[in-house]
Amino acid sequence: MKSSLWTKAALTILTAVAGTLTVFPVLWMIMVSLKTQNTALRFPPDYLFIPVFDAYSAVLAKTGFITGLMNSLIISIITLVLCLGFGLLAAYSISRFKFRGAQAVLFGMLMTRIFPPVALITPYFLNVQWLGMQDTMPPLIVAYMALNLPLAVWMLKGYFDAIPEELEQCAMVDGATRWQAVTKVTLPLMGPGLAATSVFVFVGSWNEFLFALTLTSRQSRTLPTVVAEFVGDTGIEWPQIMAASTIALAPVLIATFILQRHIAGGMTAGAVKG
Amino acid sequence: MASVAIDGVKKSYGAANILHGIDIDIADGEFVTLVGPSGCGKSTLLRMIAGLEGISGGAIRIGDRVVNDLAPKDRDVAMVFQSYALYPHMTVYENMAFSMKLRNASAAETKEAVDRAARILGLEPLLQRQPKQLSGGQRQRVAMGRALVRNPKVFLFDEPLSNLDAKLRVQMRAEIKALHLRLGTTIVYVTHDQVEAMTMADRIVVMQDGRIEQVGRPLDLYDNPANRFVASFIGSPSMNFIEGKAGADGFETPTGVRLPLPLAGDNSGRSITYGIRPEHLRLDNVGIPARVVLVEPMGSETQVIARIGEQDISCLFRERVAIAPGDTIQLGLALDQVRLFDPESGKAIKH
């Protein structure tokens, strides 16, 4: 059919445009990170060149970079574990127990996402200061949890809703406690959902800049703030800032690629009906 | 194996009453079917026996133990769900072994129980398959196998055949019945299909709007329905109902059709619902005149829709008949097969 051919052509072009817009900056970042300051600023840019790793060794040698990387990892992983723990409990009860106010709880959590984080940072900073906890990790973990938990609950509730309740009920009649029914039947089927939620929550705290910048100074700096420090008074070391960004992007990219297979889904096929 | 006693059981969600006090005594080893239109509360009642729904009032006993507050896992019942509810991430073997594993049975014991159930249901070649690789009928059988492994006190079936095609349904119907004869375990079986209820059950419980309309053996319900609802629900095609009054010489409809009335004494002027099953009407030389509207030959029998007065009624003839729409036929009926109901209450009038 003529119209479907047009649709196909239009979709292909749109996909190509969207793909280019997404991928180009990443490729550019990697490309610049493999040049020297001299070659990086050349115009027109060299697309073919011999890569050098000077920028990477400079970045890794810079004071605070490895610390920032470790801080980011620790904070993001703890945030992820807490968000999944609380998120699973909250999402399960909202999805399965038809209690009064479930919708209100869900909507209330969505409301918290309406506030721009920048509006919350000043009062939060004052509280942290009063507690004498500036430049420590716990305030950041608490903040990231507060920012990411609503998203986690919403996502996980959707995934719980997608798993037929009858599977759990069947397990319970089969002799399982509710806890066993969830851990042995529902959670294994939620693999794709858990993977997707984990990526979102992890990236949320891994990339966060504003709270990290405000609440930390030396000890607990996270990677995004460390990367920002490459913008110095004497100018910008482009290859170094790009190398730092590439290193910052790597874990997220790797995790996404590994989990992508699971996110693709299709695990519940054959569960119910013919 | 155990008996099940349902004693004044009620269910309400807030102000909405779903079940209004249900009493059923199910004997040890009995096959009881709960049947009724959708929304009558039959599935809710079954889920209450399983422990998946709370009980708002009354008591349920399995054996001599009140199970009201027991968790499903402690009731020793097995349930087959309408959707089969096979665990999609486990093989057929793992599905069947799941309940044994939960109870920490040894590997040898588990294997023996699964193999026994697989042998009974012919599932041996499928044990290593995933549920998604199975056909509807095979999934159904695995769901039953999973229940069978347990050797429970009571089997609960929640419309297990409604997702199968007609041919497979007839086959599984026979298999479940044969299984019951072989194992002798108490079965409570929910269905909306009266044919399933009639063919399989020792006793049928007909429900409507959260109440029991009648409990009895299949043929008792067919022969002596307690009210108009049971009469219309049991039997296919459904019983014909004709509204009218008792006159001086028999039953008379508002349009002047006269039918013989098997009621002793003087009932002149009394409003009556006249019920006659399609299969109890026959072609006669002298009888009630009727105009043929539709003829549906089915090979083994012929269904005819005919108009008496202003009302269409269905007739089922065992023989092939040479009639066509527009023809006028004479219908005969046997008085002892007529059922009368009170139009107000719907209750059967004894005669």
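The values are calculated or read from the model by the stated rules, or taken from the named source; none is laboratory data. Here the structure is a predicted model, which means the values were calculated and not measured. As a convention, Cβ positions derive from the backbone with ideal geometry for all residues, glycine included, and neighbour counts pool all protein chains shown. Remember, those area values only see protein heavy atoms, side chains included, never the ligands or the DNA or RNA. Shrake-Rupley method; radii C 1.70, N 1.55, O 1.52, S 1.80 Å.
Rounded if a/c is under 1.5, else prolate if a/b beats b/c, else oblate: with a ≥ b ≥ c from the C-alpha gyration tensor eigenvalues square-rooted, which is segment B:151-208? Please list the in-between numbers first.
Working: a/c = 1.66, a/b = 1.17, b/c = 1.42.
It comes out oblate by the Cα gyration axes.
For the options B:302, B:186, B:253, a Gaussian network treatment of chain B with springs between C-alpha atoms closer than 10 Å singles out B:302 as fluctuating the most. The longest part of chain B holding none of the exposed loop GluC sites (Glu not before Pro), meaning those outside H, G, I, E and B in DSSP with at most 13 other Cβ atoms within 10 Å, is B:1-309. Within the listed set B:14, B:57, B:250, the residue fluctuating most in the Gaussian network model of chain B (springs between alpha-carbon atoms under 10 angstrom) is B:14. Sorted from longest to shortest, the spans of the Cα atoms of segment A:64-229 along the three principal axes equal 57, 33, 23 Å.
What net charge is computed for the residues neighbouring residue B:246, neighbours being all others with C-beta under 13 Å from the C-beta of residue B:246, Lys and Arg scored +1, Asp and Glu -1? Walk me through the numbers before you get to the answer.
Numbers: positive: B:245, B:258, B:270; negative: B:243, B:249, B:252, B:266, B:342.
For residues surrounding residue B:246, the net value is -2.
The alpha carbon gyration tensor of the protein assembly as shown gives principal lengths a ≥ b ≥ c with a/c of 1.5 or higher and a/b greater than b/c, which makes the shape prolate.
Between helix A:191-206 and chain A there is an angle of about 40 degrees, using the helix long axis and the longest principal axis of the Cα atoms. A straight Cα-to-Cα reach below 24 Å connects residue A:62 with the lysines A:35, residues fewer than 8 places away in its own chain not being considered. With respect to chain B, whose longest principal axis is taken over its alpha-carbon atoms, helix B:107-121 is tilted by about 20°. Against the main long axis of the alpha-carbon atoms of chain A, helix A:65-96 sits at an angle near 20°. The modelled label-to-label distance between residue A:136 and residue B:10, using points 7 Å beyond Cα along the C-beta direction, is 5.7 nm. Shape class of segment A:1-111 from the Cα gyration tensor (axes a ≥ b ≥ c, square roots of the eigenvalues): oblate, since a/c reaches 1.5 or more and a/b does not exceed b/c.
Per-residue ellipticity at 222 nm computed for chain B from its helices equals -7500 deg cm²/dmol, with DSSP H segments shorter than 4 residues left out and the rest contributing -39,500 (n - 2.57).
The solvent-accessible area of residue B:165, taken with every protein chain present and a 1.4 Å probe, is close to 90 Å². Under 10 Å, Cα contacts only: if you run a Gaussian network model on chain A, which one of A:67, A:183, A:12 comes out with the highest mean-square fluctuation? Comparing A:67, A:183, A:12 in a Gaussian network model of chain A, the most mobile one is A:12.
Charge tally around residue B:1: other residues with Cβ under 12 Å, Lys/Arg +1 each, Asp/Glu -1 each, net -2.
For residue B:347, the lysines whose Cα falls under 18 Å of its own Cα, not counting residues fewer than eight places away in the same chain, are B:245.
With 5 Å bins beginning at zero, the pair-distance distribution over Cα atoms of segment B:188-273 amounts to 3, 13, 21, 16, 14, 11, 11, 7, 3, 0 %.
The residues packed around residue B:271, meaning those with a beta-carbon under 10 Å from its beta-carbon, carry a net charge of -1 if Lys and Arg are +1 and Asp and Glu are -1. Diagonalising the gyration tensor over the Cα atoms of segment B:120-250 and scaling each eigenvalue by 5 before taking the square root yields semi-axes of 37, 16, 12 Å, largest first.
Can you pull out the chymotrypsin sites (Phe, Trp or Tyr not before Pro) in segment A:50-142 whose DSSP state is coil and whose Cβ has at most 13 other Cβ atoms within 10 Å?
Numbers: sites: A:53, A:56, A:65, A:86, A:92, A:97, A:99, A:107, A:124, A:125, A:130; in loops: A:53, A:97, A:99.
Listed in order of number, the matching sites are A:53, A:97, A:99.
Dividing the Cα radius of gyration of chain B by 2.2 N^0.38 Å, with N the residue count, gives 1.19. Legend: residue pairs A:98/B:42; A:8/B:132; B:101/B:177; A:157/B:101; B:10/B:350; A:184/B:10, Cα-Cα distance threshold 23 Å; pairs beyond threshold, A:8/B:132; B:101/B:177; A:157/B:101; B:10/B:350; A:184/B:10.
When only alpha carbons are used to place a centre, segment B:222-260 and segment A:144-171 end up 55 Å from one another.
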